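Asker: This is the structure, below, for whatever I ask next.
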Amino acid sequence: MGTPLALRVHPQDRETLPSFLSRMAAVNGTSVLKFCSDMGVSYRGLINLNADDLKIFADLSSLTEAQISELVSWTGQAIGDVRMRFRGEIFVSRALRNPTMRGCPSCLKEDLDNEPGAPSRTMVMRGDWQLRDATICVRHQRPLVDFWHDASLPSRMNIGAHLALLKDQIGSGAMAGAPVAPSPYDRWLDARLASGTDDTWLSDQPLYAATTFIRLLGTELVRQNLWRNSDPCEPECAAHAAGFDVVSRGPSAIRDALERLAALAPAGTSTPNKAFGQLYRDMARAHLEDELFTDFRAIMREVILDTWPIASGEDVLGESLSERRLYAINAAAQDAGIGPKLMGQLLVEAGALNEIDMGQTFPAEPFRDLIAEIPQRVGNAEMCKAMGATRHEFEALATDGAITPRTKISTVKAPWLVSDWMALIEELDGLAIRVEGLGSDWERLIKARARAGLSFDELLRQIRKSSMTLAKPKAETGFSGFHVLKAEVDALKTRHTHTNPTLEGLVPAAVFGRQIGLRDGGKFLQFLEAGHSPSRLVQVPSRRAPRRFLSAEDIAAFRQKFVTPSMLMEETGLPRNTILAQLRAEGAEPFKPSGQDFGNLFPRSKAVLCVSQLSEARQRAFSF
């Protein structure tokens, strides 16, 4: 153990080892290089905190183990090529080692004032000044300023030589910046470095990751005017204050801030990169594999997955998405193999969207089967072939509702799913007896439907409850091969004639349509068949197929929700042309879900409001 030097200084609060070394050299009347040479220690070894050189220097300076440990902790010690341990925390080297040395002139002036005449012995460089994300001196409430710039570490750490050139400016107070009030961020960082004290959510987060994420998030919040400070301050200070205000409150507040940033991004073309700027770029590159940022990446990843329609298999901040969470129209259309316009109509019909909006997203899970099913859908000709039915049989089955298309959008050319029809064929195959051949006492289902005047749906109900015998020749396949006994069809026809439900109180749909001014009965029937208003199918004995009727309750339900120009004429007494002109002027559009045209049929709430305003104005104009 070396003999302690007679002339020594004592370590000061937050002092770095290069600062203490310079003061030790100054008190012994020499430079740091000469001091190290005379003492038999390596200057480079000391500033790089070599254990052997530290031991010799500690003995010469009469430093205790606790004192040397404190100096090292405020200096920052390399642990690998790009990491350092600083105040018990792990930082990347660039967060602490910078060619530009900064500090607080007020602290150094205070050092000078305490011991005039010996600046090189008394001015102390504090370790917290090294940290990139520390910007002010909390004690003096002054900004940190640049002292000197030197790319060479040995030259840069020759503290006494550099401070000697600045002592006059420091002593006069000329270098001190304007006062600045410390923000909660500044006080939090100062306390965390000094004692590890932290009563925020950040107490369990690595300090380097916390300060970096605070700065990056705060920068974006300030840039987008999502945070404003009543006190003017530098952009970097504002970023730290804004970021800390959010991040210190934990995941929920962070998520809310990220969602607000995402909401400001351009609709339809937005990406995380556009929404989060440098925050996203750094998290996706510089900090992508850094375990210190694990929690911050996880929060960002969840917001991204809940905001953008990321496809399965894509990498999101270092993790591959196993299953898509969100869809937008374009992505769904691409997966379904159809155009975006048609995909939008199908999604509105399915309830995924309220309207066709290319930028709007919707949850993938409830509509995953729909999107996967669309490429499997086929048109009429393919369905006829798949089920072994004639075109007439197929159209009759569809008309009677024995099986329904997967969409009611009239422009869709492939609305059918083969598996639906196959399920019916398989069911009937299970109910049918298989025979070698059939005689004249049997007839095909399409013929039985016509003779009985019943729908396919009613015939199938009779077959399912074993009221009719179903047969199929062994040599035949498909729907056309199914036969029923003529005698049983005749018996069913007779029973149905006697038990036909009464038509009393029912109005044919076509008749009611004409009564309310809808002359194109086909469109009104399509409107009812689409289920937009209640109606009922009733088999009329004189008709081969059932007809659609409305009861008094059905009519009341219709009048409550819809209105036509003829109905408005009756209700307001206004001329038809006046009503139509007012509707156009007020922007009232006919009821056209998914683009389907049902004629001059309007939602009542909008149309009545438009016309009632005109009616009231008319009454006022003619009142005395």
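The values are calculated or read from the model by the stated rules, or taken from the named source; none is laboratory data. None of the values given here were measured: they were computed from a predicted structure. Neighbour counts are summed over all protein chains in view; Cβ atoms, including those assigned to glycine, are modelled from backbone coordinates with ideal geometry. What goes into the accessible areas is simple: the full protein's heavy atoms, side chains included, and nothing from ligands, DNA or RNA. Shrake-Rupley method; radii C 1.70, N 1.55, O 1.52, S 1.80 Å.
Asker: Let me know the Rg and Dmax you get for the stretch 179-220 when you use only its Cα atoms, in Å.
Answerer: Considering the stretch 179-220 through its Cα atoms, Rg and Dmax are 10.7, 32 Å.
Asker: Quick one: angle between helix 294-305 and the longest Cα principal axis of the chain, in degrees between 0 and 90, rounded to 10, please.
Answerer: Between helix and principal axis, roughly 30 degrees.
Asker: May I pose another question? Taking the Cα centre of each part, how many Å lie between the stretch 45-70 and the stretch 155-219?
Answerer: When both Cα centres are located, 25 Å separates them.
Asker: A further question on this structure: Positive end of the charge dipole of the chain (Lys, Arg +1 and Asp, Glu -1 on Cβ, about the Cα centre): tell me which of Asn273, Leu21, Asn158 has its Cα farthest that way.
Answerer: Of the listed residues, the answer is Asn273.
Asker: Sorted from largest down, what three extents in whole angstroms do the Cα atoms of the chain have along their principal axes?
Answerer: Each principal axis gives a Cα extent; for the chain these are 128, 87, 34 Å.
Asker: Another question, if that's okay. At a 1.4 Å probe, what is the % contribution of carbon and sulfur to the accessible area of the stretch 400-501?
Answerer: Carbon-and-sulfur percentage of accessible area, whole number: 53.
Asker: Once amide H atoms are built 1.01 Å from N in the peptide plane, which residues 5 or more positions from Leu470, or in another chain, come under 5 Å H to H?
Answerer: Close amide H contacts, sequence-distant or interchain: Ile433.
Asker: A follow-up question, please. Suppose the chain between Leu7 and Arg519 were pulled fully straight at 0.36 nm per residue; how much longer would it get relative to their current alpha carbon spacing?
Answerer: 173.1 nm
Asker: I want the local charge near Met123. Using Cβ-Cβ distances under 10 Å, sum +1 for each Lys or Arg and -1 for each Asp or Glu among the other residues.
Answerer: The answer is +1.
Asker: Another question, then. Largest first and to the nearest Å, give the Cα extent of the stretch 70-156 along each principal axis.
Answerer: Rounded to whole Å, the extents work out to 42, 27, 24 Å.
Asker: Any chance you could give the angle, 0 to 90 degrees and rounded to 10, that helix 552-561 forms with the longest Cα principal axis of the chain?
Answerer: Tilt relative to the chain: about 30 degrees.
Asker: Using the Cα centre of the stretch 340-472 as the reference point, and only Cβ charges (+1 on K/R, -1 on D/E), how large is the resulting charge dipole? Debye, rounded to the nearest 20.
Answerer: Using Cβ point charges on Lys, Arg, Asp and Glu, the stretch 340-472 gives about 360 debye.
Asker: Now a separate question. With all protein chains present and a 1.4 Å probe, how do Met300, Met358 order by accessible area, largest first?
Answerer: The most accessible residue leads, giving Met358, Met300.
Asker: Now a separate question. Are any of the pairs Lys408/Lys474; Lys34/Lys167; Lys523/Lys606; Lys447/Lys592; Lys472/Lys523; Lys55/Lys167 more than 28 Å apart by Cα-Cα distance, and if so, which?
Answerer: Flagged as over cut-off: Lys408/Lys474; Lys447/Lys592; Lys472/Lys523; Lys55/Lys167.
Asker: While we're looking at this one, here's another question. Using θ = phi - 60° and the Karplus form 6.51 cos²θ - 1.76 cosθ + 1.60, what ³J(HN,Hα) does each residue of the stretch 597-605 get, whole Hz, x for Gly and Pro?
Answerer: Couplings: 9, 10, x, 7, 10, 10, x, 4, 4 Hz.
Asker: Could you list the residues of the stretch 275-312 with an amide nitrogen less than 14 Å from a label point located 7 Å from the Cα of Ser320 in the Cα-to-C-beta direction?
Answerer: Residues passing the 14 Å test: 311-312.
Asker: In square angstrom, what is the accessible area per residue of the stretch 254-299 with a 1.4 angstrom probe?
Answerer: Per-residue value: 48 Å².
Asker: Whole percent per 5 Å bin, from 0 to the bin with the longest distance: what is P(r) over all C-alpha pairs of the stretch 305-359?
Answerer: Per 5 Å bin, starting at zero, the Cα-Cα P(r) for the stretch 305-359 comes out as 4, 21, 26, 22, 14, 9, 4, 0 percent.
Asker: Let me ask something additional. About its Cα centre, what dipole magnitude does the chain give when the only charges are +1 on Lys and Arg Cβ and -1 on Asp and Glu Cβ, stated in debye to the nearest 20?
Answerer: Using only the charged Cβ atoms, the result is roughly 2480 debye.
Asker: Starting from the Cα of Asp357, step 7 Å along the direction of its Cβ; do the same at Leu288; then give the gap between the two resulting points in nm.
Answerer: 3.3
Asker: Each label point is 7 Å from the Cα along the Cα-to-Cβ direction; what then is the distance between the points at Lys167 and Val82, in nm?
Answerer: 4.1
Asker: What does the extension gain come out to for Leu609 and Glu571, with contour length at 0.36 nm per residue minus their alpha carbon separation?
Answerer: Gain on stretching Leu609 to Glu571: 12.4 nm.
Asker: Residue by residue, what Karplus-based ³J(HN,Hα) values in Hz, rounded to whole numbers, does the stretch 56-64 have, using 6.51, -1.76 and 1.60 with θ = phi - 60° and x for Gly and Pro?
Answerer: With coefficients 6.51, -1.76 and 1.60, one gets 4, 5, 4, 5, 5, 8, 6, 8, 6 Hz.
Asker: Computed over the Cα atoms, what is the radius of gyration of the stretch 378-504 divided by 2.2 N^0.38 Å, N being its residue count?
Answerer: 1.09
Asker: Another question, if that's okay. From Cα coordinates alone, what are the radius of gyration and Dmax values for the stretch 230-352 in angstrom?
Answerer: Spelled out, the Cα radius of gyration and Dmax of the stretch 230-352 are 17.3, 56 Å.
Asker: Let me ask something else. Express in % the proportion of alpha carbon pairs of the stretch 270-320 at distances exceeding 14 Å.
Answerer: Here the long-distance tail beyond 14 Å is 47 percent of all Cα pairs in the stretch 270-320.
Asker: Using all Cα-Cα distances in the stretch 506-566, what percent lands in each 10 angstrom bin from 0 up to the longest?
Answerer: Taking every Cα pair in the stretch 506-566, the percentages come to 23, 60, 16, 2.
Asker: Tell me which of Leu305, Leu292, Leu347 sits at the most positive position along the dipole axis of the stretch 278-354, charges placed on C-beta atoms (Lys, Arg +1; Asp, Glu -1).
Answerer: The residue sitting farthest along the positive end of the dipole is Leu347.
Asker: Next question, about the same structure. With 10 Å bins from zero, work out the P(r) of the stretch 130-224 over every alpha carbon pair and list the percent per bin.
Answerer: Calculated over all Cα pairs of the stretch 130-224, the distribution is 13, 35, 34, 18, 1 percent.
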